[in-house]
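The values are calculated or read from the model by the stated rules, or taken from the named source; none is laboratory data. This one's a predicted model, so the numbers in the text were calculated from it and none came from an experiment. Cβ sites come from the backbone with ideal geometry, for glycine too, and all protein chains shown count toward neighbours. The protein model used for the area step is the full one, side chains on, heavy atoms only, and it has no ligands, DNA or RNA in it. Shrake-Rupley method; radii C 1.70, N 1.55, O 1.52, S 1.80 Å.
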Amino acid sequence: MRSYTRVHTGRIRMKALLLAVMVALLAPAVGRAASGATIVARDLPVGGARTTAGASAPSVFDLVGFHWQGTGRVLFRSHSVTGRWSSWRPVAPEAEDLPDPGSGEAVLRRAWRLGSPYWVGASDRVAYRTVGQVRRLRAWYVWSPVEAVPIRTTAMAGSPRIVLRRAWGADEEITRGAPRYARAVSFAVVHHTAGTNAYTPAQSAAIVRGIELYHVRGNGWNDIGYNFLVDKYGQVFEGRAGGIDRNVIGAQAQGFNTGSTGIALIGNYSTARISAAAASALVRLLAWRLDVAHVDPLGTLTWRSGGNPEYARGRAVKLRAISGHRDTGPTSCPGNALYARLPAIARAVAATGLPKLYAPVVAGGLGGSVRFAARLSAPGPWTVTVRDASGAVVARGRGSGTTVSWTWDATAVTTGSYRWTIEAGAQTRPATGTIGRAPLPPPPVPAAILAGLTATPSVLSPDGDGIDDTLAISYTLAARAAVTTTVKDATGAVIATLFAAQVQGARTQSFVYGADGLSPGIYTLSVSATAEDGRAVTLAAPFAVDLTVSGLALSTASLTPNADGTDDTLGISFTLATGANVLVQIEQSGTFVASVFSGPLPAGPAQVSWDGTTPTGPAPAGTYDAVVLVDGPFGRTRHVASFALTR
């Protein structure tokens, strides 16, 4: 088989702002997330049935995915900014991580075969090979910045600590539709993301953000496909929006999304064993989520496929309550090593959080007999209670053992709505539901015409470095309205009118305010909206302007510490408007590399220097950021200038 290789090459952009500008100018498809993540699409040249090719990368990226048309295969490798090539990898090892056929989110890229998103770390080039018939090939380059901030977690009753969407930086503005829900969750599908296993705890959130951006902007799905993601450090991330304890339909196992919850382990577990921390987190997550659904982790079930290349629509498929992705379709996911551990994981899940109540079933209806049934993980007393709409008990049955079985004679009850509960002690999660027709809901209250005002960042530091230079403003209108937006100073006086009585449509409105000419101080952004039906709302958001730092500059754009007397050290200069505590450090992709200066500095010009060394030795070649952190009157501000280091 004859093949040849082209390499996709791109210079690293020296500034984040310049990177954004170039992306906007060059890309045929560009998306920018609220978190600062970006996605750029490039159609890559292909020719013939057996080719190895490449093209020019538009920008630095840390996650990449490919789409292609044709019956052939595509492989790729990536080139890191530190100068190393990865091994060759197939672009779509998990090609059935897809929405169900016929769903709205399966339509947008229907003509394409969709590859998985790969976290590759900061990279500047790819090379790719095509084998067989590949008519078109498109690369999606994602830059998802790593944020060096603590990630907050939350926990519900019995759940593990979970990093919610707002904590990992999900971009709610790019989602394409409201969540859809199944009647129940009957089983779990375990995946791996098939990307690298070499990532830090701080990079995990960036990986999840990158996957969300690729799934939505690249694949055209409504949201990230998985319901949950687990990293090798044991961090659990909320995936698709809609509620961690609700039956959200994902886009993770084509034909088997409705009725399942999909959990992806971040990394490739074809041969690598999952870490003890990841295994423990997976067990705790499954134990809680299946307990919420009252599913026996060691149970089996027969499920009818919604349709995929292996199981036609309507075909009955036998599954385990904790199945691997390969059990539902033609894929190697979640990798041989992880798949082999699923039986042991299921046994550990079954032994976690006991006692439990499994498989509650209600048969019959009002005007006849209603039978309640369930199973318990251990013998014990149980109670079935039926209450009317006011909460009054209308029937109750009791028993003991591992089998719940009781019949309510409801022949005299023909109308109304009744709530039932099966309980088996304080340590067991009860099962609940309703019988009959629920009362009509009260008439809807008209929604507020204006909601969700945000103005970020809370502190502007407009020094021209592209970080916190402008105020990003967003709000949502429930109906067409006339909108007036002003900026007020600390006394309440209007000092700027962004627009007055401008008619805007019913949608999320977003724009950027440069805060030009504002002196240091605290301000208030005020947005007033008046709808055509007379509804009127005014919302306000405070922000501050900090001009403590100005004129951040570097002595060279390319540091070459080779003792030749030219650009051997990096001079970092800036001016302070007032005395302040200052921290100057070197970072790479948001990760600390070296400390340059820490301490108080007086007002006026300041300059420090760095010789390219770190606490562990000389820094390797690559792209770095000189970061100045200043404790100003409104908190700490961050100022960045980028440079290259060559050796």
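Ellipticity at 222 nm from helices only: DSSP H runs of n ≥ 4 in the chain, each -39500 (n - 2.57), divided by the residue count, give -3000 deg cm²/dmol.
If R0 is taken as 45 Å, the Cβ-Cβ distance between VAL131 and THR524 corresponds to a FRET efficiency of 0.15. For GLY242, the shell of other residues with beta-carbons less than 15 Å away shows a net charge of +2, using +1 for Lys and Arg and -1 for Asp and Glu. Across the range 417-433, computed HN-Hα scalar couplings (Karplus, 6.51 cos²θ - 1.76 cosθ + 1.60, θ = phi - 60°) run 10, 10, 10, 10, 9, 10, 10, 9, x, 5, 8, 10, 5, x, 9, 9, x Hz from first to last residue, x flagging Gly and Pro. Annotation: per residue accessible area for the chain equals 43 Å², rounded to a whole number [probe 1.4 Å, protein chains only].
Spatial offset of the range 111-185 relative to the range 457-529 amounts to 31 Å, using the alpha carbon center of each. For the range 559-575, backbone phi angles converted through the Karplus equation (6.51, -1.76, 1.60; θ = phi - 60°) give residue-by-residue couplings of 7, 10, x, 10, 6, 9, x, 10, 6, 6, 10, 9, x, 10, 10, 6, 10 Hz, Gly and Pro being listed as x.
Angle between the Cα long axis of helix 276-292 and the longest principal axis of the chain, 0 to 90 degrees, nearest 10? Orientation of helix 276-292: about 40 degrees from the principal axis. Calculation over all alpha carbon pairs of the range 523-578 in 10 angstrom steps from 0 returns a P(r) of 18, 20, 17, 15, 14, 10, 5, 1 percent. Summing +1 for each Lys or Arg and -1 for each Asp or Glu among the other residues whose beta-carbon sits under 12 angstrom from that of ALA563 gives -3. Annotation for THR302 and ALA373: the two label points, set 7 Å from Cα along the Cα-Cβ direction, are 1.6 nm apart.
Extension gain, ARG347 to ALA363: 0.36 nm times the residue separation minus the Cα-Cα distance gives 2.7 nm. Both numbers refer to the Cα atoms of the range 98-201; Rg and Dmax are 17.9, 52 Å.
Ordered from highest to lowest accessible area with the whole protein assembly present and a 1.4 Å probe, THR614, THR470 read as THR470, THR614.
Legend: Rg and Dmax of the range 408-504, from Cα coordinates, 26.4, 76 Å. The convex hull built on the alpha-carbon positions of the range 489-647 has an orientation-averaged projected area of 12.8 nm².
Within the range 470-559, the proportion of C-alpha pairs whose separation exceeds 16 Å stands at 60%. Solvent-accessible area of the chain (1.4 angstrom probe, protein heavy atoms only): carbon and sulfur portion equals 53 percent. In plain terms, the chain from ARG480 to ARG507 could stretch by 8.9 nm, reckoned as 0.36 nm per residue minus the Cα-Cα distance. When the alpha carbon gyration tensor of the chain is reduced to an equivalent ellipsoid, its three semi-axes come out at 48, 34, 24 angstrom, largest first.
Protection proxy ranking of 62-71, 586-595, 81-90, by the mean of other Cβ atoms within 10 Å over each peptide's residues and highest first, is 62-71, 586-595, 81-90. Ordering of 271-279, 475-483 by packing is 475-483, 271-279, highest average first (other Cβ atoms within 10 Å, averaged per residue). Note on the range 337-429: the C-alpha convex hull projects to 7.4 nm² when averaged across all orientations. Extension gain, THR456 to THR402: 0.36 nm times the residue separation minus the Cα-Cα distance gives 13.9 nm. Once you divide the Cα radius of gyration of the range 589-647 by 2.2 N^0.38 Å, the number left is 1.26. Only protein heavy atoms count here; under a 1.4 Å probe, ASP291 has an accessible surface of about 20 Å². Peptide packing for 249-260, 388-399 was compared via the average number of neighbouring C-beta atoms within 10 Å per residue; ordered from the highest value, the list is 249-260, 388-399.
Dimensions of the range 160-283 along the principal axes, based on C-alpha atoms and rounded to the nearest Å, stand at 34, 30, 25, largest first. With the charge dipole of the chain set up from +1 on Lys and Arg Cβ and -1 on Asp and Glu Cβ about the Cα centre, the Cα lying farthest toward the positive end among the listed residues THR193, LEU366, ILE224 is that of LEU366. In the assembled protein chains, ILE266 presents an accessible area of approximately 0 Å² (probe radius 1.4 Å).
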